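What follows is a short report on a single structure.
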C-alpha cells in the first residue's frame, strides 16, 4: 500500500513550505514582507505553479550546518503561467538562512535557469537574500558565478526580470544588474556592493541601508532600478503587465492584443499639447498617450534621466518601444544619463523584435565641462551605436526641432531609420537660427550701426534658406511631412508595413560598443 509513503511525502512537502519553525511566517510578515510562496502566488495565474526540488537539502557540514538541513535550502523554484503563457520563477526564502545562497541553493537556481533557456520562456527572480552563505565558503561563491554565467548566456534570448523584495548585497547584486529589468519596493528593497558598516569603516561616512541602496536611490540616482513601487502587490502586478507586453523569447513576437481604439483615430489634442514655439516646455507623455492604444504605456526608468522618456506600449495591438525627448526636463537635451538610458532600451527592443518609435524634439547635447570630462562623447556614442545596430522596424517623428549631433543620434534617416517623418513647423539643422547667425555673421553684426536689426534679418534669411520645415524633405532626409493629427494613423500603417522587415548585419562574433 502507498498510504504510508504518501503521508511521508506530504509531511516533507509541508515541512518545506512551512519554513524552519512555526513562527517563521509571522517574522517575515512583521517586516512588511510576504513569504516566497505568497509572492509566487501573486505573480502567477492561480493554481498554475509547479515547484521542483522542494526536497533539496544542503550537504555541508561544520559551523552548525550539520544540525540545520531544511528542505528547499532557502529557495523556491518552478514554473507557472502569466496570462496563460509559461514563466519560470525562483524566489529566495528569507525564512531559511536569511535566503543566503549555498551550493544546493545555487544548483536549484542553475537548473531552473537552464530549463527556462531551453524552453524559451521568461525568467523572473524574486530576490530576498543575505548574500553568500558564509559557512559554505567558496562553494557559495562559485554558485553565484554559475548564475552570472547563465544570466549572460540568456541575455537577449529570453526576457529576464529581477524583483527586489529584500536585501541584496555584495556579489549577489550583480545578477539583477545583468538582467533586463529590475523592480524595487520602497522600504524593503536594498542593493549595494558594500554595506553601511563597510562604508563607514573605509570612508568615515555614516549612511543607512535605504540611503545607500534603497529603492528610490536606485530608481532616481544610480539607474539600477527600472521600476519602483510602494508595496509588493502592486509591484508584482506590474511585473505581470510587463510580461504581457513581451515575447517569450527572441524567436517569437510579442502577443497581439485586440483593441477597440481605432487605428485611424485623429489626434486633435496634440495641437494644443505641443506649443509652436520651440523653446516652450511641455510634457511629452501627453503626446505618447494620445498616440498609443487607449493611452496606456509602461515607462521604464521614469525617475532616472527624466529628460528622455523610454516606454513600452501597444500600437493597434502590437507592442512597440517609444523613445522620446522630454522638453519638460532640461529642455529635452541629451546628456550622459539620458544617452545610457535610451541606448539600453533600444538594445532591449532590438533583441526582442519590438519596433521602435522615436519622437524627436531635441535642442542638442548638454554642454558643460562636467559632461565633457565625464565622457559625453563616449556615452552619447552608446545611443548612436544602439540605433545603428538595430534591425527592428525604426520610425522617427520630428515634432518641433532636431539640432546638431543630437538630431543624428535620435534615429535620423541617415543612421538607418526605415521611415523619417516630421510635423509641419519642424526645424532640422546644425543649430538653431539664432546660434548659427551669431557664429556666421559675428563680425557683420558687431560692425553694424543697428546690430539687432542685422541679426533679425540674418536669422530670417537663415531660417528661410536652411531651417524651414521642408528643407530636409526636399533632400530626402525626411520621408514625409505629416499632419500631427494623423500621427497615430501613419504610425499604425508603418508598423504594419514593416512587420516583415528583414535586415542582416555583417557576420561577426559580436560588436564592440563604446563603454
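The set of residues from the stretch 163-209 being over 22 Å from the mean Cα position of the chain (by Cα) and closer than 23 Å to residue 93 by Cα comprises 170, 194, 195, 209.
Consider the stretch 462-479 and keep the residues that are surrounded by 13 or more Cβ atoms within 10 Å (Cβ to Cβ) and at pLDDT 85 or above. The one that is nearest to residue 437 (Cα to Cα) is 471.
Summed over the stretch 422-441, the residues that are in a helix (DSSP H, G or I) and closer than 24 Å to residue 484 by Cα give a count of 1. The residues of the stretch 288-297 that are in contact with a helix residue (DSSP H, G or I) (Cβ under 6 Å, 6 or more places away or on another chain) and touching a residue at least 40 places away in the same chain (Cβ under 8 Å), listed by number, are 290, 291. Scanning the stretch 131-140 for residues that are closer than 25 Å to residue 225 by Cβ and surrounded by fewer than 21 Cβ atoms within 10 Å (Cβ to Cβ) yields a total of 1. Being out of contact with any helix residue (DSSP H, G or I) (no Cβ under 6 Å at 6 or more places or on another chain), surrounded by fewer than 19 Cβ atoms within 10 Å (Cβ to Cβ) and at pLDDT 95 or above is a property that holds for residue 46.
Number of residues in the stretch 145-162 that are more than 20 Å from residue 107 (Cα to Cα) and not in a loop (DSSP other than H, G, I, E, B): the value is 0. Contact map, the stretch 210-228: residues that are under 15 Å from residue 337 (Cβ atoms) paired with residues that are surrounded by fewer than 16 Cβ atoms within 10 Å (Cβ to Cβ), Cβ distance under 9 Å, separation 6+ or inter-chain. Pairs shown: 217/211; 224/177.
With respect to the conditions (1) at pLDDT below 95; (2) crowded, with 20+ Cβ neighbours inside 10 Å; (3) in a helix (DSSP H, G or I); (4) under 30 Å from the mean Cα position of the chain (by Cα), residue 414 falls short on a single one, namely (2). Of all the residues in the stretch 367-399, those that are at pLDDT 95 or above and within 24 Å of residue 466 (Cα to Cα) number 5. Residues in the stretch 334-346 include at least one that is more than 16 Å from the chain's Cα centre (by Cα) and not in a strand (DSSP E or B). Criterion applied to 420, 328 was being surrounded by fewer than 21 Cβ atoms within 10 Å (Cβ to Cβ), over 20 Å from the mean Cα position of the chain (by Cα), in contact (Cβ under 8 Å) with a residue 12 or more places away in the chain and in the same structural domain as residue 286 (by TED's automatic domain parsing), and the one residue passing it is 328. Tallying residues that are more than 11 Å from residue 324 (Cβ to Cβ) and in a helix (DSSP H, G or I) within the stretch 287-310 yields 5. Taking residues in the stretch 162-174 that are outside the structural domain of residue 222 (by TED's automatic domain parsing) and modelled with pLDDT under 90, and partners anywhere that are buried (at least 22 other Cβ atoms within 10 Å of the Cβ) and part of a strand (DSSP E or B), not one pair has Cβ atoms closer than 9 Å while being at least 6 places apart or on different chains. Being closer than 21 Å to residue 99 by Cα and surrounded by fewer than 23 Cβ atoms within 10 Å (Cβ to Cβ) is a property that residue 206 lacks. Mind listing whichever residues of the stretch 439-459 are without any contact (Cβ under 8 Å) to a residue 12 or more places away in the chain and either within 25 Å of residue 365 (Cβ to Cβ) or out of contact with any helix residue (DSSP H, G or I) (no Cβ under 8 Å at 6 or more places or on another chain) (or both)? Listed by number, the residues that qualify are 439, 442, 443, 446, 447, 449, 450, 452, 453, 456, 457. When the residues of the stretch 79-106 are filtered to those that are surrounded by 18 or more Cβ atoms within 10 Å (Cβ to Cβ) and without any contact (Cβ under 8 Å) to a residue 40 or more places away in the chain, the one that is nearest to residue 193 (Cα to Cα) is 97. For the stretch 442-492: of the residues being assigned to a loop (DSSP other than H, G, I, E, B) and over 41 Å from the mean Cα position of the chain (by Cα), which is farthest from residue 357 (Cα to Cα)? The selected residue is 449.
Residue-wise test of (1) surrounded by fewer than 20 Cβ atoms within 10 Å (Cβ to Cβ); (2) within 19 Å of residue 100 (Cα to Cα); (3) in the same structural domain as residue 339 (by TED's automatic domain parsing); (4) modelled with pLDDT of 90 or more.
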residue: 159; (1), (2), (3), (4): no, no, no, yes
residue: 183; (1), (2), (3), (4): no, no, no, yes
residue: 190; (1), (2), (3), (4): no, yes, no, yes
residue: 200; (1), (2), (3), (4): yes, no, no, no
residue: 219; (1), (2), (3), (4): no, no, no, yes
residue: 235; (1), (2), (3), (4): no, no, no, yes
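Every listed requirement among (1) in contact with a helix residue (DSSP H, G or I) (Cβ under 7 Å, 6 or more places away or on another chain); (2) crowded, with 21+ Cβ neighbours inside 10 Å; (3) under 26 Å from residue 281 (Cβ atoms) is met by residue 314 save one, (3). For the stretch 12-32, the count of residues that are modelled with pLDDT of 90 or more and within 27 Å of the chain's Cα centre (by Cα) is zero. Here residue 90 passes the criteria (1) outside any loop (DSSP other than H, G, I, E, B); (2) over 13 Å from residue 52 (Cα atoms) except the one numbered (2). The sole residue among 274, 224 that is surrounded by 16 or more Cβ atoms within 10 Å (Cβ to Cβ) and touching a helix residue (DSSP H, G or I) at 6+ places or on another chain (Cβ under 6 Å) is 224. Taking (1) outside the structural domain of residue 43 (by TED's automatic domain parsing); (2) touching a strand residue (DSSP E or B) at 6+ places or on another chain (Cβ under 6 Å); (3) crowded, with 19+ Cβ neighbours inside 10 Å in turn, residue 287 satisfies each apart from (2).
The values are calculated or read from the model by the stated rules, or taken from the named source; none is laboratory data. Please read these numbers as outputs of a predicted model, since none were measured by experiment. Heads up, the Cβs are rebuilt from the backbone with ideal geometry, glycines too, and the neighbour counts pull from every protein chain shown.
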